[in-house]
Amino acid sequence: MKQIKGLYKISRPMSTLSGALAVVLGGYVAGTGEWLNIFLATLATLLISAAANAWNDYMDIEIDKINQPQRPLPSGMVSPRAVLIFAVLAASLSLIIAAMISTAAFVIAFCSTFMLLIYSWRLKSTVLLGNATVAFISALSAVFGGVAAGNVIPSLWLAAIIFTAIMGREVLKTMADYEGDLRQKCRTISTVWGRRPARVVFFVLAGITLGMMMLPYLFRVYKPVYAYIVVLGVYPVIVYILVKVNRNRTGAQLERLSQLMKYDFLIWFVAVLLGAQVW
């Protein structure tokens, strides 16, 4: 029972929610009504994310002893062998489900799984390349939904916005993990360039995200209600985070801001659901 609880925690179901919602949004804006395929794509995405989280924690046991000692692996709640088996089974099942949708869906699922494994193994300890990989895969979730639904073009708006938003959040997370990454000699934008340059890059990416979020409305792809929700619901939270991110913030405080940014995406998802012209 303890192992099962540990595996559940290591899969981080709440963390995978944003990726699953991106798939649903990508399928929703397609406007084809292929909800069975969208459901299968969402399930496959949840499994891919769970496998990636497990594999990432398996590779980062030593770093997590410093940054996240309460996690299942460094705390001893679950064994490394169990985590590795769980990752393989979840990834395999996700590919089987994706193959049931279409060949294109299988290719996307396979490439996402492969890139996430390479990320944890090699790319995570790189300056921006690892962050860009995570952002690209996150953006690919919306495209996955569009492919599953049979109309990928409308999902490209979502993918572009998700990429810049996640890229910014990834940079913020390197600032939060600075101390542990520095001790483990992990190469990130914060440890190599310094926290101040990383903060500047985060500000730039957040600003680009704010601008890109408004483009679907300005190009009349989405209805006015989308703009109202973004301006009144999404923008204030991002501006608050920008104000709070400064050199005096601790890793724990920056991590909380990173989590707040993730939850702010949920408001943006609502804006897309209400504003997308799918009929």
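The values are calculated or read from the model by the stated rules, or taken from the named source; none is laboratory data. Note that the structure is a prediction, hence the values are computed from the model and not measured. Don't worry about glycine lacking a Cβ; one is built from the backbone with ideal geometry, like all the others, and counts go over all protein chains shown.
If the condition is being of a type in the set (Ser, Thr, Tyr) and assigned to a helix (DSSP H, G or I), then region 114-140 contributes Tyr119, Ser120, Ser125, Thr133, Ser138. Which one of these is over 29 Å from Thr250 (Cα atoms) and either crowded, with 20+ Cβ neighbours inside 10 Å or at pLDDT below 75 (or both): Thr113, Thr32? When all the criteria are applied, what remains is Thr113.
Restricting the search to region 166-210, which residues are of a type in the set (Asp, Glu) and more than 18 Å from Phe265 (Cα to Cα)? Result: Asp177, Glu179, Asp181. Please tell me if Gly150 is out of contact with any helix residue (DSSP H, G or I) (no Cβ under 6 Å at 6 or more places or on another chain) and modelled with pLDDT of 95 or more. It is true that Gly150 is out of contact with any helix residue (DSSP H, G or I) (no Cβ under 6 Å at 6 or more places or on another chain) and modelled with pLDDT of 95 or more. Remark: pairs (first residue in region 259-278, in contact (Cβ under 8 Å) with a residue 24 or more places away in the chain and more than 15 Å from Thr209 (Cα to Cα); second residue part of a helix (DSSP H, G or I) and among the acidic types (Asp, Glu); Cβ separation under 9 Å; 6+ apart in sequence or on different chains) are absent. Go through (1) over 17 Å from the mean Cα position of the chain (by Cα); (2) farther than 23 Å from Val24 by Cα and name the single condition Leu123 misses. Exception for Leu123: condition (1). Taking the criterion of being of a type outside the set (D, E, K, R) and at pLDDT below 90, the residues of region 230-252 that qualify are Asn246, Asn248, Thr250, Gly251, Ala252. For region 60-104, enumerate the residues that are modelled with pLDDT under 75, among the small types (Gly, Ala, Ser) and in a helix (DSSP H, G or I). The one that is modelled with pLDDT under 75, among the small types (Gly, Ala, Ser) and in a helix (DSSP H, G or I): Ser75.
Exactly one of these conditions fails for Ala50: (1) of a type outside the set (D, E, K, R); (2) surrounded by fewer than 17 Cβ atoms within 10 Å (Cβ to Cβ); (3) assigned to a helix (DSSP H, G or I). Give me its number. Ala50 satisfies all of (1) of a type outside the set (D, E, K, R); (2) surrounded by fewer than 17 Cβ atoms within 10 Å (Cβ to Cβ); (3) assigned to a helix (DSSP H, G or I) except (2). The number of residues in region 147-199 being in a helix (DSSP H, G or I), more than 21 Å from Gln253 (Cβ to Cβ) and polar (S, T, N, Q) comes to 2. Regarding region 154-164, can at least one residue be identified that is surrounded by 23 or more Cβ atoms within 10 Å (Cβ to Cβ) and either hydroxyl-bearing (Ser, Thr, Tyr) or touching a Pro at 6+ places or on another chain (Cβ under 6 Å) (or both)? For region 154-164, residues surrounded by 23 or more Cβ atoms within 10 Å (Cβ to Cβ) and either hydroxyl-bearing (Ser, Thr, Tyr) or touching a Pro at 6+ places or on another chain (Cβ under 6 Å) (or both): present.
Are any residues in region 242-279 closer than 22 Å to Pro197 by Cβ, among the hydrophobic types (A, V, I, L, M, F, W, C) and within 18 Å of the chain's Cα centre (by Cα), and if so, which ones? Correct list: Leu254, Leu257, Met261. Would you call Val204 out of contact with any helix residue (DSSP H, G or I) (no Cβ under 7 Å at 6 or more places or on another chain), within 13 Å of Val127 (Cα to Cα) and of a type in the set (A, V, I, L, M, F, W, C)? No; evaluated as a whole, the condition is false for this residue.
May I ask you to verify whether Ala90 is within 20 Å of the chain's Cα centre (by Cα) and either closer than 24 Å to Lys9 by Cα or without any contact (Cβ under 8 Å) to a residue 12 or more places away in the chain (or both)? Against the criterion (within 20 Å of the chain's Cα centre (by Cα) and either closer than 24 Å to Lys9 by Cα or without any contact (Cβ under 8 Å) to a residue 12 or more places away in the chain (or both)), Ala90 qualifies.
When you look at Arg183, is it touching a residue at least 24 places away in the same chain (Cβ under 8 Å), surrounded by fewer than 18 Cβ atoms within 10 Å (Cβ to Cβ) and within 29 Å of Ile61 (Cβ to Cβ), yes or no? Considered against the rule, which asks whether it is touching a residue at least 24 places away in the same chain (Cβ under 8 Å), surrounded by fewer than 18 Cβ atoms within 10 Å (Cβ to Cβ) and within 29 Å of Ile61 (Cβ to Cβ), Arg183 comes out as yes.
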